[in-house]
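Q: Quick one: structure below, then a few questions.
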Amino acid sequence: MGMIKEFKNFAMRGNVIDLAVGVVIGGAFNKIVSSLVEDIITPAILTPALKAANLSDLAALTIPGTAIKYGNFISNIISFIIVAFALFMVIKGINKMNKKEEETPAAPPEPSSTDKLLMEIRDSLKK
């Protein structure tokens, strides 16, 4: 019975739940980013380059006489760079928002009663 209780405490700990939520949201976000890269950005970048090279598909780039498709490799490299840059911009935006929250100065704490008494004594001695 002790092991079940210990497992329940472990599984319901805040960090584990936060991690689970992060994984689920990350999976959903992955689909959004993948669609953005594969369906919008990559075609916008590659279409002019493919037309200039008289190709219709990047996968058509192969080493003659082999099954090596270096076109797919190049496409994956471009996709990786675009995803990395998109994530960089998202993280940069989040950091900028967090920085603004940190920059707002907190109100200075009121002096304690002892400090107030000492200030009164100081002021009376100045007079």
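Q: Name the helices (complete DSSP H segments) of the chain with a Cα length along the long axis of 27 Å or more and a Kyte-Doolittle mean of at least -0.5, or state none.
A: Flagged H segments are 14-35, 70-103.
Q: How large is the helix-only mean residue ellipticity at 222 nm for the chain, computed as the sum of -39500 (n - 2.57) over DSSP H runs with n ≥ 4, divided by its residue count, in deg cm²/dmol to the nearest 500?
A: Details: 5 runs with 91 residues, N = 127.
It lands at -24500 deg cm²/dmol.
Q: Right, next: On a straight-distance basis, which lysines could pair with Lys126 in a cross-link, Cα separation under 24 angstrom, same-chain partners fewer than 8 positions away excluded?
A: The qualifying lysines are Lys116.
Q: Step by step: find N for the chain, compute 2.2 N^0.38 Å, then divide the Cα radius of gyration by it. What's the final number?
A: Working it through for the chain, the quotient is 2.13.
Q: Follow-up. Cross-link list Lys31/Lys100; Lys5/Lys99; Lys31/Lys69: which exceed 32 angstrom alpha carbon to alpha carbon?
A: Checking Cα-Cα distances, Lys5/Lys99 exceed 32 Å.
Q: Report the one residue of Ser34, Ile74, Val16 whose Cα lies farthest in the direction of the positive end of the charge dipole of the chain (charges on C-beta: Lys and Arg +1, Asp and Glu -1; origin at the Cα centre).
A: Among Ser34, Ile74, Val16, the one farthest towards the positive end of the dipole of the chain is Val16.
Every number here is computed from the coordinates shown, using simple stated rules; none is lab data. A quick note: this is a predicted structure, and the numbers were derived from the prediction, not measured. With ideal geometry, Cβ positions are generated from the backbone for all residues, glycine too; neighbour counts draw on all protein chains shown.
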